[in-house]
Amino acid sequence: MLTDMDISSRASLKNITELGADLGLLPEEMMLFGHTKAKVELSVLQRLAGQRKGKLIIVTAVTPTPHGEGKTVTSIGLTQSLNVIGQKACACIRQPSMGPVFGVKGGAAGGGYAQVVPMQEMNLHLTGDIHAVSSAHNLGAAAIAARLFHEARLGKTEFEAQSGQAFLDIDPNEIRWHRVVDHNDRCLRQIHVGLGDNNGPEYGSSFDITAASELMAILALSHDLADLRARIGRLVLALNTQGQVITADDLGVAGAMTAIMADAIKPTLMQTLNGSPCLIHSGPFANIAHGNSSIIADDIALRLADFVVTEGGFGSDMGFEKFCNIKVRQSGQAPAAAVLVTTLKALKGNSGLATEVDSNVSNIHVLNISATNINALEQARLEAGFANLNWHINNVARYGIPVVVAINRFATDSDAELQWLMEAVNASAAFGCEISDAFIQGEAGAIALAQTVVRAAETKSQFKLLYPDEASLEAKLSTLAEVGYGAAGVSLSIEAKQQAQQLTALGYGHLPLCMAKTPLSISHDPSLKGVPKDFVVPVRELVLHAGAGFITALVGNVMTMPGLGLKPGYLKIDIDAKGEIVGLG
């Protein structure tokens, strides 16, 4: 089979103006970036204000494994197939960060014959949104440092007299807004700034990856440019020496930060291999942010299409949970159905059983389903791994949404094992189950999945949130741990307890929670596979994101700046003799 890059390079693409017209956009509603991508003007929302909205489908997955489950492949394949069966469909996905592209994935545009093209443009700079977020964020950090310097240099009376601005009395030990860069760079996790003569005061700081910036979350959760401006104004950048918050509006930098992001708020229109439309917008990670594409992209697509397919990062305990408890809270747009992606490899990877014979194999049978041509070890691994899939099925169902399981087929999969898995899923709480061959066959490989998703979306869902706004922060944490993850409870550090009290006293206790934890386990511990039990979720810190409208709970050892591995993805990326990019995908 051709590589993803080869498939993308050989694709016959629609001109972006034709693609936009097919979707229902007017020429003046597209800001062209060449022939293959365009920014969509938000004026389309005013023109279609009374338009009936289509149905939103959220794609999620089981607990991730090193093999990759193919969530984006399934999202793109499903969108392509929905269009083939006569439903007008549009995908809405996040823009890839260059951190994972150069670090681990090598690309995040789908794959095979279910990808967004040109994939090299999507995976690298696209239309510059992530750079805009980085620049706006770092302007805020520079503004804090400058204000701190001048206030310390002049004192209150002289500063106010010379600058015409209020003296903020920033506490250098309470600066909450640091710096970002769109790369994995572990040496920037802890830094010291203000070193040298006439550069201080000195204080400890750090870099996060741009996808972890609150501005990225704000970009994804804003409704329009005015909302973006208001949210940036509410950013809490620091505290003063009396413990009161200092916002971007207080600092006078919010307007300039918004100006940098004025075009970034517009989603980027691209296409899949079969010419289906795809809106790409924002890129918050799901382990350290809320992990979903933007409310604006969904809103535009829902007014133009019958079905909109979006996805939440990682498993249903991560991006899907945050889609429900954060994004739906702010958008008011509940999904009509969910697609839960799994693979045979994922089942076995989540089983906790090695490939060699295990002494506990005979004790693992949990289902009354068997196949004569599956050996005992593989049967045991399937059954143990199915417990993880079944947990995710029930997790989606608890939100009142019909869930369709999509089995992403690999070429090496056994027909007997696939049949076993189909029977197991059909005996669960899932609405239905279909095998997807979208990677190999494109739109033809997900027809049955598309048809089942349409039927699921026609049922009456009864969407419900996991916890009410008025619950205390401690109660929300307990609910997320015990109901959301199946934990025995939650443990707050002394610092987290103090922060919960402080945030409540400052009037932020009503906000929802964004759990920053490992994606590699339903629990906080990546070594706990399958369906962990009797664990306690350790919350080490609570971080206010007043502009985005949530509080992040840092759990375990999760970090907001990834590091590069031993064999990073950039080793494969280059340009060939023709100047074409190679090695992505």
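The values are calculated or read from the model by the stated rules, or taken from the named source; none is laboratory data. It should be emphasised that the depicted structure is a prediction, and the values quoted were computed from it without experimental measurement. Methodologically, a virtual Cβ is constructed for each residue, glycine included, from the backbone with ideal geometry; neighbour enumeration extends over all protein chains shown. Side chains are part of the model used for accessible areas, which takes the heavy atoms of the whole protein and leaves out ligands, DNA and RNA. Shrake-Rupley method; radii C 1.70, N 1.55, O 1.52, S 1.80 Å.
Do we find a residue being farther than 26 Å from CYS433 by Cα and either free of Cβ contacts under 8 Å to residues at least 60 places away in the same chain or touching a helix residue (DSSP H, G or I) at 6+ places or on another chain (Cβ under 6 Å) (or both) anywhere in the stretch 53-66?
Quick first cut of the stretch 53-66, residues farther than 26 Å from CYS433 by Cα only: 53.
Next, from what is left, pick out any that are either free of Cβ contacts under 8 Å to residues at least 60 places away in the same chain or touching a helix residue (DSSP H, G or I) at 6+ places or on another chain (Cβ under 6 Å) (or both): 53.
Yes - at least one qualifying residue is present in the stretch 53-66.
Does GLU495 satisfy being touching a strand residue (DSSP E or B) at 6+ places or on another chain (Cβ under 7 Å) and of a type in the set (Asp, Glu)?
Working: touching a strand residue (DSSP E or B) at 6+ places or on another chain (Cβ under 7 Å): yes; of a type in the set (Asp, Glu): yes.
It is true that GLU495 is touching a strand residue (DSSP E or B) at 6+ places or on another chain (Cβ under 7 Å) and of a type in the set (Asp, Glu).
Could we say that ARG147 is open to solvent by less than 50 Å² (accessible area, probe 1.4 Å) and of a type in the set (Lys, Arg) here? Reasoning before the result, please.
Working: open to solvent by less than 50 Å² (accessible area, probe 1.4 Å): yes; of a type in the set (Lys, Arg): yes.
Yes, satisfied.
Being touching a residue at least 40 places away in the same chain (Cβ under 8 Å) and either acidic (Asp, Glu) or open to solvent by 10 Å² or more (accessible area, probe 1.4 Å) (or both) is true for just one of ASP249, ASP227, ASP263, ASP197. Which residue is that? If you could, list the steps in order and put the result at the bottom.
Values: ASP249 fails: touching a residue at least 40 places away in the same chain (Cβ under 8 Å); ASP227 fails: touching a residue at least 40 places away in the same chain (Cβ under 8 Å); ASP197 fails: touching a residue at least 40 places away in the same chain (Cβ under 8 Å).
Within the list ASP249, ASP227, ASP263, ASP197, the selection yields ASP263.
Checking the structure you have, find out if any residue of the stretch 151-172 is buried (at least 17 other Cβ atoms within 10 Å of the Cβ) and farther than 30 Å from GLN242 by Cα.
No, that holds for no residue.
Would you mind stating whether SER523 is part of a loop (DSSP other than H, G, I, E, B), over 30 Å from ALA248 (Cβ atoms), among the hydroxyl-bearing types (Ser, Thr, Tyr) and more than 22 Å from the chain's Cα centre (by Cα)?
On the way: part of a loop (DSSP other than H, G, I, E, B): yes; over 30 Å from ALA248 (Cβ atoms): yes; among the hydroxyl-bearing types (Ser, Thr, Tyr): yes; more than 22 Å from the chain's Cα centre (by Cα): no.
When the stated conditions are applied, SER523 does not pass them.
Go through ALA141, ALA136 for me and flag whichever is assigned to a helix (DSSP H, G or I) and surrounded by fewer than 21 Cβ atoms within 10 Å (Cβ to Cβ). Let's see the steps before the verdict.
On the way: ALA136 fails: surrounded by fewer than 21 Cβ atoms within 10 Å (Cβ to Cβ).
Of the residues listed, the single one that is assigned to a helix (DSSP H, G or I) and surrounded by fewer than 21 Cβ atoms within 10 Å (Cβ to Cβ) is ALA141.
With surrounded by 17 or more Cβ atoms within 10 Å (Cβ to Cβ) and touching a Gly at 6+ places or on another chain (Cβ under 8 Å) as the only criterion, which of GLY530, GLY432, GLY509, GLY484 stands out? Give the derivation first.
On the way: GLY432 fails: touching a Gly at 6+ places or on another chain (Cβ under 8 Å); GLY509 fails: touching a Gly at 6+ places or on another chain (Cβ under 8 Å); GLY484 fails: touching a Gly at 6+ places or on another chain (Cβ under 8 Å).
One residue alone meets the criteria, GLY530.
Looking only at the stretch 257-304, which residues are assigned to a loop (DSSP other than H, G, I, E, B), under 19 Å from PRO335 (Cβ atoms) and not small (Gly, Ala, Ser)?
PRO267, HIS281, PRO284, HIS290
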